[in-house]
Structure formats: structure tokens, C-alpha cells
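We did not get these values from a lab; they are worked out from the coordinates using the rules stated. Because the structure is a prediction, the values reported are computed rather than measured.
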Amino acid sequence: MEVFVFSLFNGVLYGMLLFLLASGLTLIFSMMGVLNFAHASFFMLGAYFAYQISQPLGFWPALIAAPILVGVLGAAVERYALRPVHRFGHVAELLFTFGLAFVIEEVVQMIWGKVPVPYDVPPSLNVTAFAWQGLDYSVYRLFMLLISVGIFVALFFGLTRTRIGLIIRASLTHPHMVASLGHDVPKVFMWTFGVGCALAGVAGVIGGNVLGTEPGMAIQLGPIVFVVIVVGGLGSLGGALIASLLIGVLNNMAISYDFSLYPIFSLLGVEREAEGILADLVSLTTGAIAPLVPYLLLVLMLILRPRGLFGTRDV
């Protein structure tokens, strides 16, 4: 029972971190219709900025300053680079953001090097919150969960219950009407993109010291973020939350229980004494294929329900 409880807790924690990263991308896509391939790179910048700021000032100023810097940088990218590309269509946007991701990675390596930087959990939060069955969980993990839940609540009510949220949503579907009411639609898009990048920066600040801050972190998490928004449904904030939790829990359960896949292959007539590639397949466990779980879920979703769990349009 304790294995299930802690696997569930770890899965929820990892899932909420994925949601925090995916929420910014969901916001950008649902409000602007832009699939930002460089989104995970802004997550990486959030972690590196937090590391740099925390050296002289500590973690708490970094938690505030790093996302703001990432958001301002994201707004500048939209205003001076992405906006001129926008008129050439979605393919041009995808190619631009794809190239931007590599540019950011190279810049990070030039400034901070190719090895991980010592960005650690702050000592004030690196204490045990509770212990059960010999396993300890730190206050920092609960802090990560609290931040993720708080941002979901703020985004949900901000987009559905406030005047600013209504203006942002209307700017996507009826930009000319919104402009005729006196609102600067390009500026709305610019700051929406900036806020989306800032959310990725927050994920970098609170996740970089747990996952490790190094130049490959964007490549590791970037594909999973796109799995989240496709499974949850393009543009659906609630769908991104459910998909993040589903992926996080399934991934941790697969690793914790590490069941053998032999019973599945035995149903297909494959014996345990098989040779060659079949012998490797028969020896597989759920823990070994855990990294494939999000992508298997993606394939099933595209086959059975292309619009995702809560999406309103197909991929």
C-alpha cells in the first residue's frame, strides 16, 4: 500500500510540474494559435536565471525575478521576431520557434557551459515535511505542489472570470471587434506570449533544482510538454491539467511496480525461451518502457480521439 501511495504522490508532483510547464504553452496556443517549439527553452532559461540570481541574492528573489526576466524576453521575441513571421503562416512560426530553441541552447552553453550548474534546493525548504514507512518527503516538494495548484487556480479564474481574460480570449476569435473597442490587440498578444513564457520560467525556477539544471533539460522535457497539450486537447487548460497528472502517475506507477511484460507476450504465443529480439522483448518490464508511456498515450489518443480529452478541434 505504501508503494502505491508514494508512487501516486510522486506522480502527482511530477504531473503538476509538467502542467506548470504546459500551462504557458496552452495559454499561448489557445490565445494566439501559436505552437511554440521553443517553450521548453524558456523553461531552461528560468532555471539558469534563477541559478545566476540566487548566487548573490538567494532563492526567494530569484523566484520572483527569473520568471519576470523570462516573460520580458518572451514578449520581446514575440514583438520583434515572431510577429513579422506570423503573416507567413503557421509553418513559418513553427520553423522560427524550432530554430529559436537551438539558438537558446547554444547561448546557454556559451554562457554557463555544457555541464550542469550547482543550482540546489534552498536550505530553508530542504527539510522533512513528513515521513511514512521509512520514506521522507521534503517541504520543497509540497512547495512545488502548492505553487502549481495556485497557478492553475489563478489562470482558470483569470481567463474565465476577469475582464482581462475576456479581452484576451476575444482577441483571438474577434480581433477586429476588440480593436474597434479601443484595445491594442498586438500588445495583448505580445504580453500573452510573455506571460506564457513567464509560466515556463516559474517551472524552471522550482523544477531546475530538482531535475537538474543543464543544457539538455529543454530537449528532455520539451517533447513531453507537447504530448500533454495534445492528449489534454489543444488550448484546454483543464485538459492540460488532467493529461499532466495522468502522464505523471502512469510514469511513476510503471517505474515503482516494474511488472514483467511476459504475460502479454505469452498471450501472443511468444515463449520465455525465445531467441534474438524476441528474447529482449520478453524480458522487458514496465519500468524499462516507462519513458515510452507518454508517447504510447499520444499515439492512442491520436488514433482514438484526435482532438484530445477536452479539446474542441482536431490536431
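Shape summary of the chain, radius of gyration then Dmax from alpha carbon positions: 21.0, 74 Å.
The amide H of Val34, built 1.01 Å from its N in the peptide plane, has Phe29 as neighbours under 5 Å, considering only residues 5 or more places off or on other chains.
Which of the three applies to the range 113-236, rounded, prolate or oblate, going by the alpha-carbon gyration tensor with a ≥ b ≥ c and a/c under 1.5 meaning rounded? Spell out each step's value before the answer.
On the way: a/c = 2.57, a/b = 1.95, b/c = 1.32.
In terms of gyration-tensor shape, prolate.
With angles folded into 0 to 90 degrees, how steeply does helix 163-173 sit against the dominant principal axis of the chain? Use alpha carbons for both and round to 10. That works out to roughly 80 degrees. Here the relative contact order of the chain, from alpha carbon pairs under 8 Å that lie six or more residues apart, stands at 32 percent. The C-alpha atoms of the chain define a longest principal axis, and helix 293-304 lies at about 70 degrees to it. Can you give me the angle between helix 139-161 and the longest principal axis of the chain, using Cα atoms only, in degrees from 0 to 90, rounded to the nearest 10? Long axis of 139-161 versus the principal axis of the chain: about 50 degrees.
With runs of 4+ DSSP H residues as the only contributors, calculate the mean residue ellipticity of the chain at 222 nm using -39,500 (n - 2.57) per run, divided by the residue total and rounded to the nearest 500. Working shown, then result.
Values: 14 runs with 224 residues, N = 315.
Only helices count here, giving -23500 deg cm²/dmol.
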